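The values are calculated or read from the model by the stated rules, or taken from the named source; none is laboratory data. Quick caveat, the model's predicted, so the values are computed rather than measured. Cβ: placed from backbone, ideal geometry, glycine included. Neighbour counts: every protein chain shown. Just the protein is used for accessible areas: all its heavy atoms, side chains included, with ligands, DNA and RNA removed. Shrake-Rupley method; radii C 1.70, N 1.55, O 1.52, S 1.80 Å.
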Protein chains: 2
Amino acid sequence: MAEDTGIEALIELMARLPGLGPRSARRAVLALLGKRGQLMAPLAQAMAQVALNAKDCRVCGNIGLEDLCPICADPARATGEICVVEDVADLWALERAGVFKGRYHVLGGTLSALDAVGPEELGIPRLVRRVAEDGITEVILALAATVDGQTTAHYLADAIAETQTQVTTLAQGVPVGGELDYLDDGTIGAALRARRRL
Amino acid sequence: MAEDTGIEALIELMARLPGLGPRSARRAVLALLGKRGQLMAPLAQAMAQVALNAKDCRVCGNIGLEDLCPICADPARATGEICVVEDVADLWALERAGVFKGRYHVLGGTLSALDAVGPEELGIPRLVRRVAEDGITEVILALAATVDGQTTAHYLADAIAETQTQVTTLAQGVPVGGELDYLDDGTIGAALRARRRL
């Protein structure tokens, strides 16, 4: 075996990534071993660099190189709107869409009694202070349409209500390119209730 | 976005691993970003260390820390038997089984006209020289029971025949714990033809 080469330890670490188990981690490491110069060394270096340099933005929780992320540091984005998202992946998805010009608040999860995730863990008191102090006019809740996401959204709406700031949420309805035939009943019902004049 | 943080570059490198696509690579990187200290930095270090230290054994092609892998360097394993495997994963599988006490030859693939993989690329001339020079008494072909694997096995058997060394191959039959009902016809046929006296 390869017990003293560090390969077993590497496989164990790789197996802790989401989407990889012990077998697929071994496959990935074997592929890396076959491309030590072209892939393994650059990947290790890129990973070490990001691990060293990436910082959580102290205002919104986004990931950047400084204490303040590029979005919070951009004066052009001070529109008085804060979009609340579950994690950085959702922030990236919104940025890819390129339609939101305000700033963000990354919760880092949803409220969960089972996992002992309360308002403090998600930085909700910090968000409420930020809304009150920065003269925010609208908080847009862009949370998942799941039970956990919607529970968190309702808690947030109640918490922010004290600051008199408008709280909105993403519209539910038929996705672009979506065929009615393939949509679930809940989505069709939501789209029908939220119908608008053409 | 996170264009200047190196995160995009890291995702692109991760997406080149087998079993990961662009989306799952992004998910893996996000998980790493959430555990920069506990997982990302150690993983980067383990990977860099293996990339730097791992060496292909100059005799068998196994991976180790020296020019000669621990198996080739172990005098207790000089049994005169060489087991030919497709890649290091197969060598590891045989070592896990712990029944083979000889040495290995790692081909690094199978003969493939389509991918321009010929005998030279697999080190077959080197293997034939090794068999002749080291007084090898038996070459065990532990190749996959696929068309490519069996084509390679037949080529190897012909190439080694010149050295008068015995060439054997793994038995085909019912796997341990296998139920006949779930086995394919080819395996049942092979097991029946190779039946033995109890």
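Here are the numbers for the structure shown:
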item: Selection status of A:Glu86, more than 15 Å from the chain's Cα centre (by Cα) and of a type in the set (D, E, K, R); result: no
item: Pairs, first under 14 Å from A:Ala145 (Cβ atoms) and among the β-branched types (Val, Ile, Thr) in the range A:180-193, second in a helix (DSSP H, G or I) and at pLDDT 85 or above, C-beta under 6 Å, six or more apart; result: none
item: Residues (more than 27 Å from A:Ala76 (Cβ to Cβ) and without any contact (Cβ under 8 Å) to a residue 40 or more places away in the chain) located in the range A:101-123; result: A:Gly109, A:Ser112, A:Ala113, A:Leu114, A:Asp115, A:Ala116, A:Val117, A:Gly118, A:Glu120, A:Glu121, A:Leu122
item: Residue check for B:Leu68: on the phi < 0 side of the Ramachandran plot, in a loop (DSSP other than H, G, I, E, B) and open to solvent by 30 Å² or more (accessible area, probe 1.4 Å); result: yes
item: Any chance A:Arg103 is within 14 Å of A:Arg58 (Cα to Cα) and touching a Lys or Arg at 6+ places or on another chain (Cβ under 7 Å); result: yes
item: Residue count for the range A:61-99, restricted to those that are touching a Gly at 6+ places or on another chain (Cβ under 7 Å) and within 14 Å of another protein chain (Cβ to nearest Cβ); result: 5
item: Check on B:Glu95, farther than 17 Å from B:Cys57 by Cα and among the charged types (D, E, K, R); result: no
item: Qualifying residue in the range B:87-108 (condition: at negative phi, in contact with a His (Cβ under 9 Å, 6 or more places away or on another chain) and assigned by TED's automatic domain parsing to the domain that holds B:Ile136); result: no
item: Residue count for the range B:135-157, restricted to those that are over 16 Å from the mean Cα position of the chain (by Cα) and in contact (Cβ under 8 Å) with a residue 60 or more places away in the chain; result: 1
item: Looking only at the range A:71-89, and only at residues there that are in a helix (DSSP H, G or I) and at pLDDT 90 or above, the one that is surrounded by the most Cβ atoms within 10 Å (Cβ to Cβ); result: A:Val88
item: Filter result (closer than 20 Å to B:Leu20 by Cβ and β-branched (Val, Ile, Thr)) within the range A:32-62; result: A:Val50
item: Residue match in the range B:124-132 (condition: surrounded by 14 or more Cβ atoms within 10 Å (Cβ to Cβ), touching a helix residue (DSSP H, G or I) at 6+ places or on another chain (Cβ under 8 Å) and more than 30 Å from A:Leu32 (Cβ to Cβ)); result: yes
item: Matching residues in the range A:30-55 - criterion: being open to solvent by 20 Å² or more (accessible area, probe 1.4 Å) and in a loop (DSSP other than H, G, I, E, B); result: A:Lys35
item: Per-region count, the range A:1-13, residues open to solvent by less than 60 Å² (accessible area, probe 1.4 Å) and either outside any helix (DSSP H, G or I) or more than 7 Å from every other protein chain (Cβ to nearest Cβ) (or both); result: 4
item: Output for the range A:100-114, where each listed residue is closer than 19 Å to A:Ala145 by Cβ, surrounded by fewer than 17 Cβ atoms within 10 Å (Cβ to Cβ) and away from every other protein chain (no Cβ under 14 Å); result: A:Ser112
item: Evaluation of A:Gly178 against (1) surrounded by 14 or more Cβ atoms within 10 Å (Cβ to Cβ); (2) modelled with pLDDT under 90; (3) not polar (S, T, N, Q) (one fails), failing number; result: (1)
item: Only listed residue being at the interface with chain A (Cβ under 7 Å from one of its Cβ atoms), in a loop (DSSP other than H, G, I, E, B) and open to solvent by 60 Å² or more (accessible area, probe 1.4 Å), chosen from B:Arg58, B:Arg27, B:Arg16; result: B:Arg16
